Amino acid sequence: MISRRGLLAAALLAASPMALPQEVQDFSPTIEQFRQIPQVAPYFNTAYGYAVWRTIGRGGIGIGGATGRGQVYVGGQVTGFSRLIDISIGFQLGGQAYRQIIFFQNEAAYNQFTQGNFEFDAAASAVAVTAGAQASSGTAGSQASAGASGTGQAAAAGAYQMGMRIFTIATGGLMYQATIAGQKYSFTPVGQ
């Protein structure tokens, strides 16, 4: 059994810049998976940039956490690395793995994300679902689901909030709660 102190120490170590990958990795299979979803594809053409995580692991029984390593892109080029960390206390049970992409509507949103540590507020949420069935997106309390067929709900899910738009794809596991609220993101530019 992991103590709260042990969980906190592991989270702090995982969030440290030293834990970030310092070499650009091939995230193209994950990016392509997102591109294949009709509701997500248009964002690749209109967004200023995006951050993508090919695997985020989340688990908890009362006390939970999530972590993942990602890369940040502008113009199709990696500009830096991001580490996601989240510790939560409350009703939660299970574990899951998922992929996540955050689109930046403009340079201001990109700068907000990449200037030090960025955190989503308590109202932010997203539900992870299987890529074959549907995509889910949200920020700042907005949550919309649209089927892969790209029908009417997709249009309703198109707005940026806080200059960002988040999509998640579940890759395994089952968890009662999946949120982005409280997730913290660090950023390290390429070459540092």
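The values are calculated or read from the model by the stated rules, or taken from the named source; none is laboratory data. What you see is a predicted model; the values in this text were computed from it and never measured. Cβ coordinates were reconstructed from backbone atoms using ideal geometry, including for glycine residues, and neighbour counts include every protein chain displayed.
Just a few scattered comments:
- Evaluated against (1) modelled with pLDDT of 95 or more; (2) assigned to a helix (DSSP H, G or I), residue 81 falls short on exactly one condition, (2).
- Boolean, residue 79 is in contact (Cβ under 8 Å) with a residue 60 or more places away in the chain and of a type in the set (Val, Ile, Thr): yes
- Every residue from the stretch 51-69 that is under 23 Å from residue 23 (Cβ atoms) and touching a residue at least 40 places away in the same chain (Cβ under 8 Å): 51, 52, 53, 54, 55, 56, 57, 67, 69
- In the set (1) exposed (fewer than 12 other Cβ atoms within 10 Å of the Cβ); (2) modelled with pLDDT under 90, the condition left unmet by residue 92 is number (1).
- Residue check for residue 31: surrounded by 17 or more Cβ atoms within 10 Å (Cβ to Cβ), over 14 Å from the mean Cα position of the chain (by Cα) and not in a strand (DSSP E or B): no
- Condition met for residue 3 (within 18 Å of residue 82 (Cα to Cα), surrounded by fewer than 17 Cβ atoms within 10 Å (Cβ to Cβ) and either at pLDDT 75 or above or of a type in the set (S, T, N, Q) (or both)): no
- Members of the stretch 141-192 found to be closer than 15 Å to residue 66 by Cβ, surrounded by 14 or more Cβ atoms within 10 Å (Cβ to Cβ) and at pLDDT below 75, listed by number: 173, 175, 177, 178, 179, 180, 181, 182
- For the stretch 14-28, filtering for residues that are out of contact with any helix residue (DSSP H, G or I) (no Cβ under 8 Å at 6 or more places or on another chain), part of a helix (DSSP H, G or I) and at pLDDT below 95 leaves 4.
- Boolean, residue 67 is crowded, with 18+ Cβ neighbours inside 10 Å, assigned to a strand (DSSP E or B) and among the polar types (S, T, N, Q): yes
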